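See below for the structure under consideration.
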Amino acid sequence: MREEEIEKLRGVVRDCVTKHLYSSAIFFADKVAAFTNDPADIYMQAQALFLGRHYRRAYHLLNASQIVLRDLRFRYLAAKCLEELKEWDQCILMLDDAKVDEHGNLNDTKDSNIMYLDKDGEDHEINISSAICFLRGKAYEALENHVQARHWYKAAIKADPLCYEALECLIENHMLTYEEEASLLASLQFGPEDGWLSSFYSCLIKKYDKENVVEAKFRELEKEKCNSNTSDPSFFRTLKTNTDLLACKAEYYHQCGEYQKCFELTSVLLEKDPFHLKSTLVHLAAAMELGHSNELYLMACNLVKDYPQKALSWFAVGCYYYCIKKYAESHRYFSKATSLDGTFPPAWIGYGNAYAAKEEGDQAMSAYRTAARLFPGCHLPTLYIGMEYMRTNSFKLAEQFFMQAKTTCPSDPLVYNELGVVAYHLKEYNKAVWWFEKTLAQIPSPLSEMWEPTVVNLAHAYRKLKMYNEAISYYEKALALSTRSVSTYAGLAYAYHLQDNFTAAITYYHKALWLQPDDHFCTEMLSLALADEARGPQK
């Protein structure tokens with residue numbers, strides 16, 4: 001057959017692939033390879049087989065070729081076949097025995113500078129050694145060797161910052177602490193035209209910086225003024241409404257405790273793109289915090305219908321049952337989510353929380369410990385372990401786990417709040433005041449209602465230290481956040497009572513009893529305050 005006829009057949013194969021006619025592509029690719037026996041045509045045939053899901057046949061074809069161990073394309077595609085066949089040990093062997101250190105630096109770099117350019121050179125390609133590193137990471141993660149997986153994912157993103165999937169695995173699976181994420185990002189070598197990508201990645205990593213720092217990152221990407229290296233003046237305007245970027249912002253609002261703001265943003269995002277799964281996850285989390293059970297029910301139904309094999313779908317069902325306080329059903333569906341995807345952090349946390357809600361501490365601890373082992377960069381499992389110890393009055397053990405959570409995530413205000421609660425229970429009131437004040441310093445202003453208990457706890461600690469004016473000041477700040485807390489009114493009344501301001505004390509005891517008429521403390525103290533006022537003038 002003439003060369004022009006063969007080239008025409010190659011064009012037919014390529015066109016069949018673009019039209020997803022894989023059986024046709026396999027048929028014609030097989031004939032081209034038979035005519036030429038050219039490695040490039042054998043590779044094209046293997047690609048067609050792979051896309052047509054004939055993984056075993058594609059692997060056999062590649063493995064039978066003499067070039068498979070000398071050409072990275074062949075080796076990589078053969079390893080991809082083994083990945084699909086779930087033969088992870090063989091997959092790693094096919095990719096060779098290169099070594100990597102804990103920082104993601106390759107010790108055996110014989111392949112690191114090899115790049116196969118199968119395009120015209122106009123497009124920026126992802127370095128094939130980066131793709132190989134990423135595949136090694138996936139294989140090690142499937143084998144539950146999370147340490148090696150983490151090292152290879154770091155190697156992949158270092159070999160080529162455009163290998164987004166590697167960064168996504170590191171972030172979504174909480175493989176790195178905040179400091180490790182920031183250090184990795186700083187080590188990446190971006191091209192001069194990829195400055196926007198560096199900014200985008202900085203928005204993806206854990207958002208525990210100060211409020212002004214995080215907001216500045218988003219403004220950098222949302223600014224309308226064109227970057228000097230970008231020829232298209234509308235480039236940054238398109239990112240301003242980009243779903244991925246807005247999903248990052250929604251995630252930030254959730255971490256700040258601004259659940260209503262987060263819910264409103266994710267609602268808009270899901271109207272625009274109903275199948276954006278990151279937005280869906282944040283939307284579920286916000287709906288949980290706000291107690292929107294109807295929204296959770298609708299979301300769960302749609303997800304189970306559209307994605308029955310995804311952990312996220314059954315996690316949503318678990319969230320609905322948790323929200324309506326049916327904890328037995330809740331942990332059953334969280335468990336199903338973990339069985340579908342053992343590397344889905346929210347399912348493990350939800351699984352533990354469902355047991356904790358039923359006060360089944362041992363099962364809750366088991367789930368949290370599994371999560372802590374699987375996701376070393378996530379501080380929530382150790383935080384919840386500490387909460388479980390605190391529930392059983394094991395305050396010293398609780399403090400150890402809270403400090404461990406603080407090491408992993410040094411700026412989550414909830415960690416500082418729990419340390420303050422531990423110090424309060426241990427009667428270390430000066431220490432409690434320090435932790436509670438540090439909690440409030442970490443929270444973006446203005447304070448939302450969810451932080452009202454922290455303000456009340458700080459007031460209680462000041463009262464214990466007999467600093468009544470400071471205590472009264474914080475009780476009043478708590479009342480500005482919420483007027484429905486018996487504890488706030490009772491604490492404020494008691495502080496005034498200790499200052500012998502009986503009139504004010506009586507007023508606030510009455511307000512507390514209006515909210516909870518059977519409160520024993522307020523009833524008893526009101527009687528004492530009335531008697532004290534009757535005995536003589538207030539000071």
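Within region 109-134, being open to solvent by less than 100 Å² (accessible area, probe 1.4 Å), farther than 24 Å from Y59 by Cα and at pLDDT 60 or above holds for one residue alone: E125.
Conditions (1) part of a helix (DSSP H, G or I); (2) of a type in the set (S, T, N, Q); (3) touching a His at 6+ places or on another chain (Cβ under 9 Å), marked per residue:
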| position | (1), (2), (3) |
| --- | --- |
| E4 | yes, no, no |
| L9 | yes, no, no |
| R14 | yes, no, no |
| I26 | yes, no, yes |
| D41 | yes, no, no |
| Q66 | no, yes, no |
| R73 | yes, no, no |
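If I filter region 428-443 for residues that are open to solvent by 60 Å² or more (accessible area, probe 1.4 Å), within 25 Å of G350 (Cβ to Cβ), in contact with a helix residue (DSSP H, G or I) (Cβ under 7 Å, 6 or more places away or on another chain) and not in a loop (DSSP other than H, G, I, E, B), do I get at least one hit? No: zero hits. From the list T488, T523, the one residue that fits, being among the hydroxyl-bearing types (S, T, Y), at pLDDT below 95 and open to solvent by less than 30 Å² (accessible area, probe 1.4 Å), is T488. Within region 451-469, not a single residue is of a type in the set (V, I, T) and farther than 18 Å from A423 by Cα.
Note on region 361-393: residues that are surrounded by 15 or more Cβ atoms within 10 Å (Cβ to Cβ) and not in a helix (DSSP H, G or I) total 5.
Taken over region 442-470, the criterion of being aliphatic (A, V, I, L, M) and either free of Cβ contacts under 8 Å to residues at least 12 places away in the same chain or touching a His at 6+ places or on another chain (Cβ under 9 Å) (or both) is satisfied by M467 alone.
If a residue has to be touching a residue at least 24 places away in the same chain (Cβ under 8 Å), part of a helix (DSSP H, G or I) and within 26 Å of R373 (Cβ to Cβ) to count, how many in region 408-420 make the cut? Residues meeting the conditions: 7. Scanning region 75-100 for residues that are touching a Lys or Arg at 6+ places or on another chain (Cβ under 9 Å), assigned to a helix (DSSP H, G or I) and either without any contact (Cβ under 8 Å) to a residue 40 or more places away in the chain or among the aromatic types (F, W, Y) (or both) turns up C81, E84, W88, M94. When the test is whether a residue is within 40 Å of the chain's Cα centre (by Cα) and within 17 Å of L135 (Cβ to Cβ), L49 does not pass it.
Applying the selection to region 404-420, what residues are among the hydrophobic types (A, V, I, L, M, F, W, C) and modelled with pLDDT of 95 or more? Passing the criteria: only L419. Per the conditions (1) touching a Phe, Trp or Tyr at 6+ places or on another chain (Cβ under 9 Å); (2) at pLDDT 90 or above, the sole criterion not satisfied by F236 is (2). The selection criterion, being farther than 22 Å from M390 by Cα, of a type in the set (V, I, T) and open to solvent by less than 70 Å² (accessible area, probe 1.4 Å), does not hold for T454.
Scanning region 149-165 for residues that are assigned to a helix (DSSP H, G or I) and either touching a residue at least 24 places away in the same chain (Cβ under 8 Å) or touching a Lys or Arg at 6+ places or on another chain (Cβ under 7 Å) (or both) yields A149, R150, H151, W152, Y153, K154, A155, A156, I157, K158, A159, E165.
Just the residues that are farther than 28 Å from E359 by Cβ and among the basic types (K, R), please, taken from region 300-338. Selection gives K305, K310. Tallying residues that are of a type outside the set (G, A, S) and closer than 20 Å to K80 by Cα within region 31-48 yields 7.
Candidates E168, E180: the one that is at pLDDT below 90, open to solvent by 20 Å² or more (accessible area, probe 1.4 Å), assigned to a helix (DSSP H, G or I) and closer than 20 Å to K206 by Cα is E180. The single condition from (1) in contact (Cβ under 8 Å) with a residue 24 or more places away in the chain; (2) closer than 23 Å to H254 by Cα that G361 fails is (2). Selection of region 81-108 for residues being open to solvent by 70 Å² or more (accessible area, probe 1.4 Å) and either within 18 Å of L188 (Cα to Cα) or modelled with pLDDT under 80 (or both) yields D97, E102, H103, N107.
Evaluation of K325 against the conditions (1) more than 16 Å from the chain's Cα centre (by Cα); (2) in a helix (DSSP H, G or I) shows that the sole unmet condition is (2).
Yes/no matrix, rows are residues, columns are (1) of a type outside the set (F, W, Y); (2) modelled with pLDDT of 95 or more; (3) surrounded by fewer than 19 Cβ atoms within 10 Å (Cβ to Cβ):
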residue: I6; (1), (2), (3): yes, no, yes
residue: D15; (1), (2), (3): yes, yes, yes
residue: S23; (1), (2), (3): yes, yes, yes
residue: I26; (1), (2), (3): yes, yes, no
residue: N37; (1), (2), (3): yes, no, yes
residue: F50; (1), (2), (3): no, yes, no
residue: R53; (1), (2), (3): yes, yes, yes
residue: L69; (1), (2), (3): yes, no, yes
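The values are calculated or read from the model by the stated rules, or taken from the named source; none is laboratory data. Since the model is a prediction, treat every value here as computed from it, not as a measurement. Virtual Cβ from ideal backbone geometry, glycine too; neighbours counted across all protein chains shown. Only protein heavy atoms, including side chains, enter the accessible area calculation; ligands, DNA and RNA are left aside. Shrake-Rupley method; radii C 1.70, N 1.55, O 1.52, S 1.80 Å.
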